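Okay, so here's the structure we're looking at.
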Amino acid sequence: MASILAVDDSASMRKMVTFTLKGAGYDVEEAVDGVDALTKAQNRQFDCIITDVNMPNKDGITLIKDLRMLPEYKFIPMLTLTTESGMEKKMEGKAAGATGWIVKPFDPDQLLKTLKKVLG
Amino acid sequence: MSIDMSQFHQVFFEECFEGLEAMESGLLNLDMGDIDSEVINTIFRGAHSIKGGSGTFGFNMVADFTHVMETLLDEMRDGRRKVTQNAINVLLGSVDCLREMLTSIQNEQAVDEHAVALHKAALEQELNGGNSAVLIADIPTITETEAKPTIHNSDKPEDSPKEAEVGWKIAFCPYLDLLKTGNDPVRMFRELAELGELTALISIQDVPSIFELDPEECNLSWDIKVTGEIPESEIREIFNWVEGDCELDIQAIAQKPAKPVSVAPKASQPLPIEDTVEEFKEPDPAIPEPSSPVPDISILAAPLELPKAFDKPEEVPVSRTRDAIKLPNVESEIKNTVAASTSIRVDTAKIDALINMVGEVVITQSMLGLVGENFTMDKLDQLKKGLAQLERHTRDLQQSVMNVRMLPISFVFSRFPRLVHDISSKLGKKIELKLVGENTEIDKSVVELINDPLVHLIRNSLDHGIEMPANRLAAGKHETGIIELKAYHRGGHIVIEIIDDGNGMDKKKLIGKAVEKGLIDESAVLTDKQAFELIFLPGFSTAEKLTDISGRGVGMDVVRRNIEALGGNIEISSELGKGTTIAIHLPLTLAILDGQSVAVGDETYIVPLVSIIESINITEKMLNKVAGKGETFRLRNHYIPIIRMHKVFNVKPKNTSKTAEGVIVVVEGQGVLCGLFVDDLLGQQQVVIKSLEANYRRVEGVSGATILGDGSVALILDVPGLVRFSSR
């Protein structure tokens, strides 16, 4: 099953995402911010990255930018997870290389549906 | 798939309260004129996370409320809105409101919807009545899009389904970089195929020769036909993520012209200002207090009452003084601590250390097991080595476990900037609070109990210590007073100091007051230190006028009693005109105590080491017996009452009457010296405190019990309790 890195500074969101994805059989690893995520992503190849946008240390947009620079993450789907559903933020994410976005609040089914879309 | 979301609630609430604290301290920083974008961003992030979480976990009321806060903060963050004092006050009020709201939800109580509505109205008023004209046009756009909870729809110009068409013709021409966003055309086609019958015509005219081909680029383009009754929104949803990465033309097969793809902002209206706005009034510090209730002194009369119950009466007046929209008062704060105390956050490094230690113990155990299996005398050395190792590991293990309970004192300190801000603005004083050593660690149980005494002491400093700005200038000081809250480790103790650069304590005034109140004799000669100690006497208050800030003189004796109940002590030093320093010494933990074991008859008792001043032998001749009042002896300049422990505990003594054969342990409790007469000193050791109340009942003069190395039980003496006992 596909491996996913879930990045969020909020523990409750992180837990909820992990729980949902694990329940659906995905192999999930958590990261608490962009810096943590970048390290984890370099240690291991993930099939998809789901990241919050507004985080301390390194925000989600910078994380995506950084990851896209790595050859092994050039084509990996990356989704931003954000309440900032204004077009502006989404486009910022896209410009950085995000595949798409999931708007908070979302329920587990929505998350799984979206994920299925990128992972097939 | 349905998931029980309630399992994440506890984490969510903890996170929210942390977020609120961060927001509060951020807001207070802004207040000091420090307009730093990182600070605003931190505050924003707090609101943002709470909003995201509460929406996901179904607390819509919280989500709605934070949404307004977030919008306001977002504008501040982007520089679209200036940070004003008023906005900060409204936001601070909202933080309080939110905290109360979350507490209610957490405790499954009803939310005070009226207060929430008032705060929301205040926020909305701030948002709309804002200081920039551009604003009003901006806000609703954000609101409009954010309010929609569903996945990717907000950026589309047209959502309404059009069912009439029999199909769609799509011209899809990705830009070269499409693949680099992780989007895959094949994936999109698969989705289209799920909607209806799909035919895709690939155009390869742009594909370069094999030598020039860059496999990372997308050189293809497609003409797609999907047939079936499909709403346009569903088609658009599939291409939602690639808008801007391709040229896209979607047309209905029924020859209807396609809607333009560009996004046109909707005509927007300002948010409605609710009628309730009128009711919201700014707090007016000038309005005098409704008469504060007389604190319930009966609680204070109970001598051995536990600390928590104490400061409550004094808090009442202050919570009364809060704004018209009254927010969390002490009761709810207490509830908070109770709720929060059920779980603890531990650094994973500490857990790792713990697991490591357990591993070591297991290894030692198995080693000893091997030695014991076929024990012969020549293995004695091995056995001794093993036991020594076990001892070391047990000690380390104990330390690691204790470490888990240690929290940085910032848990307590972090509340004070707000307290100082609120009270100083109410008093019209300018005061800066400096926090030093916030990372000093202290046991969780101590953290919970030290809060109330500290609040009281800081209020005292604010109210009585720091002078009014004009007086300060006249005294040649800087207009802004400084209160420093400092924590550091010394020995096995933590020291917390509250240092103010205010007026200091006036010895003459203190003595005068004490004489007036009949607390001391007029002829008494007191040292500075003794004079300062006067403030710890019950019923002492030097403030010329009683204020609602620092209570009415029922405070300091309670503070001292609370701190002593924690096994600590409190010291004052002060210089007139320069300021006052109050130092609190506390044990690092309440679970372990450094004790001196003493023998009384066949029994062993433990005296906390902190309260021991010295231990001496005296002769019968040094005793003064006062009829009906017990006995005293003279130690340098003090006459010290003697408590014969065997009488207190009704134990048959070894040295029935020969004073010279016993030992006097001089102890201090509540500032009073006292000599405990025991048979012998046995040794110092660390003991683990076991609660007596939990297993038996409370006994006067005893604070707990412990199990000694030989398995017998020893009682731990409660020195302040004994001192009170002796003075009766």
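The values are calculated or read from the model by the stated rules, or taken from the named source; none is laboratory data. None of these values were measured; they are calculated from a predicted model. Neighbour counts run over all protein chains shown; Cβ positions are idealised from the backbone, glycine included.
Inspect all residues belonging to the stretch B:420-439 and state whether any of them is without any contact (Cβ under 8 Å) to a residue 40 or more places away in the chain and loosely packed, with under 13 Cβ neighbours inside 10 Å. Yes, the stretch B:420-439 contains a residue that is without any contact (Cβ under 8 Å) to a residue 40 or more places away in the chain and loosely packed, with under 13 Cβ neighbours inside 10 Å. The set of residues in the stretch A:38-52 being in a strand (DSSP E or B) and buried (at least 22 other Cβ atoms within 10 Å of the Cβ) consists of A:I49, A:I50, A:T51, A:D52. Give me the residue from the stretch A:68-85 that is at the interface with chain B (Cβ under 9 Å from one of its Cβ atoms) and assigned to a strand (DSSP E or B) and, out of that set, farthest from B:D184 (Cα to Cα). Per the stated criteria, the residue is A:T82.
If the condition is being among the acidic types (D, E) and in a loop (DSSP other than H, G, I, E, B), then the stretch B:415-465 contributes only B:E438.
Out of all the residues in the stretch B:681-694, is one or more crowded, with 19+ Cβ neighbours inside 10 Å and in contact with a helix residue (DSSP H, G or I) (Cβ under 8 Å, 6 or more places away or on another chain)? Checking the stretch B:681-694: not a single residue is crowded, with 19+ Cβ neighbours inside 10 Å and in contact with a helix residue (DSSP H, G or I) (Cβ under 8 Å, 6 or more places away or on another chain).
No other residue among A:K65, A:K90 is under 16 Å from B:N240 (Cβ atoms), in a helix (DSSP H, G or I) and not polar (S, T, N, Q) apart from A:K90. Screening the stretch B:10-47 for residues that are within 13 Å of chain A (Cβ to nearest Cβ) and either touching a strand residue (DSSP E or B) at 6+ places or on another chain (Cβ under 9 Å) or of a type in the set (F, W, Y) (or both) and picking the one that is surrounded by the fewest Cβ atoms within 10 Å (Cβ to Cβ) gives B:F17. Selection of the stretch B:63-88 for residues being polar (S, T, N, Q) and out of contact with any Leu (no Cβ under 9 Å at 6 or more places or on another chain) yields B:T84, B:Q85, B:N86.
Apart from one condition, B:P653 fits all of (1) in contact (Cβ under 8 Å) with a residue 12 or more places away in the chain; (2) loosely packed, with under 12 Cβ neighbours inside 10 Å; (3) of a type outside the set (A, V, I, L, M); (4) outside any strand (DSSP E or B); the exception is (2).
Taken as a whole, the structure places B:D296 among residues that are among the acidic types (D, E), modelled with pLDDT under 50 and surrounded by fewer than 15 Cβ atoms within 10 Å (Cβ to Cβ). Answer with yes or no whether A:L112 is of a type in the set (A, V, I, L, M, F, W, C), facing another protein chain (nearest Cβ under 8 Å) and assigned to a helix (DSSP H, G or I). Answer is yes for this residue. Selection of first residues in the stretch B:175-198 that are more than 9 Å from chain A (Cβ to nearest Cβ) and of second residues that are outside any loop (DSSP other than H, G, I, E, B) and among the acidic types (D, E), restricted to Cβ pairs under 9 Å at least 6 apart or on distinct chains, gives the following pairs, ordered by first then second residue: B:Y175/B:E247; B:L195/B:E234.
Which ones in the stretch A:8-37 are surrounded by 19 or more Cβ atoms within 10 Å (Cβ to Cβ), without any contact (Cβ under 8 Å) to a residue 60 or more places away in the chain and more than 12 Å from every other protein chain (Cβ to nearest Cβ)? Scanning the stretch A:8-37 gives A:V28, A:A31, A:G34, A:A37. Selection of first residues in the stretch B:366-379 that are in the same structural domain as B:H393 (by TED's automatic domain parsing) and of second residues that are surrounded by fewer than 13 Cβ atoms within 10 Å (Cβ to Cβ) and in a helix (DSSP H, G or I), restricted to Cβ pairs under 9 Å at least 6 apart or on distinct chains, gives the following pairs, ordered by first then second residue: B:K379/B:G372.
Tell me, which residue of the stretch B:587-643 that is outside any loop (DSSP other than H, G, I, E, B) and touching a His at 6+ places or on another chain (Cβ under 7 Å) is nearest to B:T527 (Cα to Cα)? Selected residue: B:P587. When only residues in the stretch B:572-586 that are among the aliphatic types (A, V, I, L, M), outside any loop (DSSP other than H, G, I, E, B) and out of contact with any Phe, Trp or Tyr (no Cβ under 6 Å at 6 or more places or on another chain) count, which is nearest to B:L457 (Cα to Cα)? Filtering first and then ranking leaves B:I582. On the given criteria, is B:I136 modelled with pLDDT under 50 and not in a helix (DSSP H, G or I)? Judged against the criteria, B:I136 is not a match.
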